[in-house]
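The values are calculated or read from the model by the stated rules, or taken from the named source; none is laboratory data. The structure displayed is predicted, hence computed values, not measured ones. Positions of Cβ are generated from backbone atoms using ideal geometry, with glycine treated the same way; all protein chains shown enter the neighbour counts. Just so you know, the surface numbers come from the protein's heavy atoms only, side chains and all, with ligands and any DNA or RNA stripped out. Shrake-Rupley method; radii C 1.70, N 1.55, O 1.52, S 1.80 Å.
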Amino acid sequence: MQSAISASLIITEEASRTLIGCSGAWTIEHLFSVTHQLETLQPHTYVLWDLSGMSDIDSSGVALWQLSNRRFEEKGCICETIGEQKEHSHLFRLLYAKALQEAPLPKSPSWLYQIGEETHRSILGIGNFLSFLGEAFVLLFYTLKHPSLIRYRSIGAHIVETGTRALPIIAISAFLIGVVVAYQSVVQLQKFGADIFIVDMIGISLTRELAPLITAIVVAGRSGSAFTAQIGAMKMTQEIDAMKTMGFDPFTFLVWPRVFALMIVMPLLIFFADMVGIFGGMVIAQAHSHLSFTEFIHRLQGALALKHYLIGIIKGPFFAFLIAFVSTYRGFQVSMNTESIGRYTTKSVVNAIFLVIACDALFSILLTELKL
């Protein structure tokens, strides 16, 4: 009676194979003796398991058989199984992972499939961004009807953060751009004895194109990344969920104050970049063409039309709008892990710079058609 209950092994060694006959109840309370036998067994290159004598088996028995089978295979043995009973087959299929290991790896999708998948993902991303814009503007109209909801202190704090504290890096970037443009221009103009036209080159190119573009790129890298990281951290710590629970709308508290602050401060930063960039050009003009500051400013007054300056300033709010919205949108996409903060911060900077350049190209086409 005991043999019918306890698990046992009948091991038969033949010339080139080992036959392992399993019998009894392979359940957790009866596996001690067979466990020791299997651990000390040194089989031949071919192992045949005969499971027909098993009266019962549980997950522990299947695990013991599976681990032993794997150990034999790691030693280079070829293992096969016969006599599996129908009433035990479901448990074997459920717990035995050999079939999963031997299953062929899925083929990598074709390049055409990958292109379609990326296109579909991009279209969904554009749709999500438009939904984000729509929801934000609905809240904007509601806020304008109720001015008391406008976060004036938050707007002021973001103006200081994105404007005043950005002045040093804007100054360095604009000064170096002015130096580069002046230096490259003066070398070419000196060949024709037209050094005086360096003033036209610096004044128009900086105020109309370069200063707004460089300022927007610097702001996108500095303030845009900060917006994404701040909102992403708030989402990770569930502060945004807490705001919604308390009845505070995240768009009113997190999105629009940043958008308004950046749209207010961007024209001022562009004006500052214009002045510093022109000063950098003046330094190079005096050093290489011996053009004094007085002569430079006198020529600048006649060469630089007001429209060029205004065009550069008008671009500021449009660039700021794109940077702020893309940055806050990416911040709300951050998931509950630190890796996503870095990923979406990178995406926000890349997307913002791309949209700024695309917007500047549209301005160029439009203004050219309008002959401005």
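Averaged per residue, what accessible area in Å² does the chain show with a 1.4 Å probe, protein chains only?
Dividing the accessible area of the chain by its residue count gives 55 Å².
What is the spin-label model distance, in nm, from residue 188 to residue 33 if the labels are put 7 Å beyond Cα along the C-beta direction?
For residue 188 paired with residue 33, the spin-label model returns 9.6 nm.
From the phi of every residue in the stretch 121-130, what ³J(HN,Hα) in whole Hz does the Karplus formula 6.51 cos²θ - 1.76 cosθ + 1.60 yield, where θ is phi - 60° and glycine or proline is x?
So the Karplus estimates, Gly and Pro as x, are 5, 5, 5, 5, x, 5, x, 5, 5, 5 Hz.
Taking only C-alpha pairs under 8 Å that are 6+ residues apart, what is the relative contact order of the stretch 169-251 in percent?
Once divided by the residue count of the stretch 169-251, the mean separation gives 25 percent.
Return the sequence-ordered ³J(HN,Hα) values of the stretch 307-318 in whole Hz as given by the Karplus equation 6.51 cos²θ - 1.76 cosθ + 1.60 applied to θ = phi - 60°, using x for Gly and Pro.
5, 5, 5, 5, 4, x, 5, 5, 5, x, x, 5
For the chain, what D do you get in µm² per second when you plug the Kirkwood radius from alpha-carbon pairs into Stokes-Einstein at 4 °C and 1.567 mPa s?
Calculated translational D: 48 µm²/s.
Which cross-chain or sequence-distant (5 or more) residues have an amide H under 5 Å from the amide H of residue 46, H modelled 1.01 Å from N in plane?
HN-HN under 5 Å from residue 46: 18, 78.
Taking a 31 Å limit on the Cα-Cα distance, which of the listed pairs 244/347; 347/371; 145/315; 145/244 fall beyond it?
347/371
Where in the chain lies the longest segment free of trypsin sites (Lys or Arg not before Pro) that are both loop residues by DSSP (not H, G, I, E, B) and have at most 11 other Cβ atoms within 10 Å?
Within the chain, the longest run free of exposed trypsin sites (Lys or Arg not before Pro) spans 108-370.
Would you mind checking which residues have amide H under 5 Å from residue 53's amide H? H placed 1.01 Å from N; only 5 or more apart, or other chain.
Excluding prolines and chain starts, which carry no amide H, the hits are 22.
Among 62, 350, what's the order by accessible area (1.4 angstrom probe), most exposed first?
350, 62
Sorting 154, 59 by accessible area (1.4 Å probe), largest first, what list results?
My answer, sorted largest first, is 59, 154.
Once neighbouring chains are kept in place and the probe is 1.4 Å, which whole percent of the accessible area of the chain is contributed by carbon and sulfur?
For the chain, the apolar C and S fraction of the accessible surface comes to 67 percent.
So how tilted is helix 256-289 from the main axis of the chain? Cα-based, degrees 0 to 90, rounded to 10.
The angle comes out at about 60 degrees.
What does the charge add up to near residue 331, with Lys and Arg as +1, Asp and Glu as -1, over the other residues with Cβ less than 11 Å from its Cβ?
With Lys, Arg at +1 and Asp, Glu at -1, the neighbours total +4.
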